[in-house]
Amino acid sequence: MLDMGSCAPSARGCAGKGMSNDIAGTAFGLLPFLGAGQTHQPPKEKPPVEYHKTVRAGIDFLLSRQNADGDFGGGMYAQGLAAIAICEAYALTADAKLKPHAQRALDFIRTAQHDGGGWRYKPKEAGDTSVVGWQVMALKSGQLAGLNVPKEPLDGAGKFLDSVMTSDGSGYKYTEGTPASPTITAVGLLCRQYLGWTYKNPKLLAGVNTLKNSPPGALNSIYYYYYATQVMHHMQGDIWDAWNPKMRDSLIAKQDKGTDAKHAHQKGSWSPVNDANGPQGGRLMVTSLSILTLEVYYRHLPLYRRDLGVMKEMEAKP
């Protein structure tokens, strides 16, 4: 699913190395900083720890790898991640130097879209829902940053999601013909929220009830929790109130406390061991997604207003 490569069995222990993809890795490294409001520009007031030089180095690396057509060169997974990072950096700072790079990154995503509305590993490949999720988030990030995002690629993404959705909307498939899964359902639902489905949409409500059946702790997959937490955060109400403390406490409990003297440098990170996508993404991806999940309050305003009537209706459903 998160097919960023594979790692040798020996890499699945303390180090947690995944595939070497410098574009995806750099974007994963940048996003938690940006989510915390840390940008490439020096802060007006000197904080206890300064990160702007680190963020600047990461952004400069991504820009140095971007081609004239907007492609960062790491495949479509990496393209989506890097586009989100550059769009968020631009949105946070209004740095005019970033604007053309962010726009070109979005333009490349648009031209790489398959006729069926999806995206996969390479441009113009028939889509899979996992890759589609990153591209939709990139396009939405660009839209929120005031960049030019035509309606057509978003409509196309909706068309693709229709092809992989179960008839009642309670589940989403990786590709047409494969079984629905909680992780891919979370990806599909978040895309639907960003593409305009309201919180009263019956199919969205059916999907949210599917996610309720896999609460925090039920699956060993930070990829699932990253998406599902955003979906629940946007829904707010009793659903979010039930999800949030369990998710937060579970992630904090799993964070490396630095008790292993041989690997003290891993303090503060999250291990990829036993995670469903740990072998592919490694410690960096698992740590990044864990932090981003904890930052959901800061990175995303809820899309919907709290509606107790709707939330009570959802809670009443099995």
**Yes/no for E152 being open to solvent by 50 Å² or more (accessible area, probe 1.4 Å), among the acidic types (D, E) and under 24 Å from Q280 (Cα atoms)** = no
**Request:** Could you please find all residues in segment 162-209 being surrounded by fewer than 19 Cβ atoms within 10 Å (Cβ to Cβ), among the charged types (D, E, K, R) and in a helix (DSSP H, G or I)?
**Result:** D162, K203
**Residues satisfying the stated conditions in segment 237-271, i.e. at pLDDT below 95 and in contact with a Gly (Cβ under 7 Å, 6 or more places away or on another chain)** = A264
**Tally of residues being within 12 Å of F160 (Cα to Cα) and open to solvent by less than 70 Å² (accessible area, probe 1.4 Å) across segment 108-119** = 6
**Complete:** Residue count, segment 208-243, condition over 28 Å from V273 (Cβ atoms) and under 18 Å from the mean Cα position of the chain (by Cα), comes to 3
**Fill in**
Selection from segment 261-274 of residues touching a residue at least 12 places away in the same chain (Cβ under 8 Å) and either in a helix (DSSP H, G or I) or open to solvent by 20 Å² or more (accessible area, probe 1.4 Å) (or both) yields K262, H263, Q266, G268, S271, V273, N274
**Asked** From the residues in segment 240-260 that are part of a loop (DSSP other than H, G, I, E, B) and free of Cβ contacts under 8 Å to residues at least 40 places away in the same chain, which one is surrounded by the most Cβ atoms within 10 Å (Cβ to Cβ)?
**Response** D256
**Prompt:** What number of residues within segment 212-239 satisfy the criterion of being free of Cβ contacts under 8 Å to residues at least 40 places away in the same chain, surrounded by fewer than 23 Cβ atoms within 10 Å (Cβ to Cβ) and farther than 19 Å from V286 by Cβ?
**Reply:** 3
**Request:** Considering only residues that are within 24 Å of T39 (Cα to Cα) and either among the hydrophobic types (A, V, I, L, M, F, W, C) or modelled with pLDDT under 95 (or both), look in segment 120-137 and name the one that is surrounded by the fewest Cβ atoms within 10 Å (Cβ to Cβ).
**Result:** M137
**Request:** Mind counting the residues in segment 195-209 that are in contact (Cβ under 8 Å) with a residue 60 or more places away in the chain and of a type in the set (S, T, N, Q)?
**Result:** 2
**Request:** Name the one entry in A78, A105 that is modelled with pLDDT of 95 or more, crowded, with 24+ Cβ neighbours inside 10 Å and more than 16 Å from the chain's Cα centre (by Cα).
**Result:** A105
**Asked** Among the listed residues A89, A15, A96, which satisfies the condition of being out of contact with any Gly (no Cβ under 6 Å at 6 or more places or on another chain), modelled with pLDDT of 95 or more and surrounded by fewer than 16 Cβ atoms within 10 Å (Cβ to Cβ)?
**Response** A96
**Asked** Within segment 138-149, can you find the residues that are in a helix (DSSP H, G or I) and surrounded by 21 or more Cβ atoms within 10 Å (Cβ to Cβ)?
**Response** A138, L139, S141, G142
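The values are calculated or read from the model by the stated rules, or taken from the named source; none is laboratory data. These numbers were taken from a predicted model, which means no experiment stands behind them. Cβ coordinates were reconstructed from backbone atoms using ideal geometry, including for glycine residues, and neighbour counts include every protein chain displayed. To get the accessible areas, we keep the full protein, side chains included, count just its heavy atoms, and leave off ligands, DNA and RNA. Shrake-Rupley method; radii C 1.70, N 1.55, O 1.52, S 1.80 Å.
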